Structure formats: C-alpha cells, structure tokens
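The values are calculated or read from the model by the stated rules, or taken from the named source; none is laboratory data. These numbers come from a predicted model, not from an experiment. Note: ideal-geometry Cβ built from the backbone for every residue, glycine included; neighbour counts use all protein chains shown.
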Amino acid sequence: MNNTEINNKKVSKYKLNMLEPGVIMIKIIGILAAVSLLFWAFEWNMLSLIVLAVAGGVFLLLMVLLIIEAYQDNCLDQLFIVREEEDIEEDYGF
C-alpha cells in the first residue's frame, strides 16, 4: 500500500478514545442489569425487560464505538508504517 492509496482513504481528524467513556458505559450497563434483576425479583417482568433492553442498547452502542476505534487505530498504524518506510527510503536512497 503506497502513500497515495492511504491519502485516498478518509483518515479521521479526531481519534476516538473509548477508555474512559467505555468504563462509564460498563458501569451503566451493570447498574441497569442490577435494576432489571431487582424489578424481576418484584415480579415486574415488563419493566425488567425494558430496563434490560436499555442495558443491551448501551452495550451495543459500546461495541459499535469500539469497532470504530479499532478501525481508526488500524488506519493510523498503516499510515505510520508507510511514513516510516518513506523516511527510511529517503535516508538510505533506496
């Protein structure tokens, strides 16, 4: 893959950093799951399912954001490798 191929791909200006928001989202998922279990214990099954569905939605959103972050990491790694190879070629005249 040469530099023009990477330039043709859209490289995001903003890097997604999901460490802090991911931890918060996992805490929210845990709290919602505990509330869902509490509602289930009181036999409020419909409310329990609704809260569990919201927890599942938050989990799904977290997974999508992590996939986007992994894609960005891969693109940035490829860009770094190409730039590193160009620097080596310029230094040694290959």
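Residue-by-condition table, conditions (1) surrounded by 11 or more Cβ atoms within 10 Å (Cβ to Cβ); (2) at pLDDT 95 or above; (3) out of contact with any helix residue (DSSP H, G or I) (no Cβ under 9 Å at 6 or more places or on another chain):
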position: 4; (1), (2), (3): no, no, yes
position: 61; (1), (2), (3): yes, yes, no
position: 72; (1), (2), (3): yes, no, yes
position: 83; (1), (2), (3): yes, no, no
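Among the residues of the range 8-46, those that are modelled with pLDDT under 90 and assigned to a loop (DSSP other than H, G, I, E, B) comprise 9, 10, 11, 12, 13, 14, 15, 16, 17, 18.
To keep it simple, each residue is scored yes or no on (1) aliphatic (A, V, I, L, M); (2) assigned to a helix (DSSP H, G or I); (3) farther than 23 Å from residue 29 by Cβ; (4) touching a Phe, Trp or Tyr at 6+ places or on another chain (Cβ under 9 Å).
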residue: 50; (1), (2), (3), (4): yes, yes, no, yes
residue: 63; (1), (2), (3), (4): yes, yes, no, no
residue: 66; (1), (2), (3), (4): yes, yes, no, no
residue: 78; (1), (2), (3), (4): no, yes, yes, no
residue: 83; (1), (2), (3), (4): no, yes, yes, no
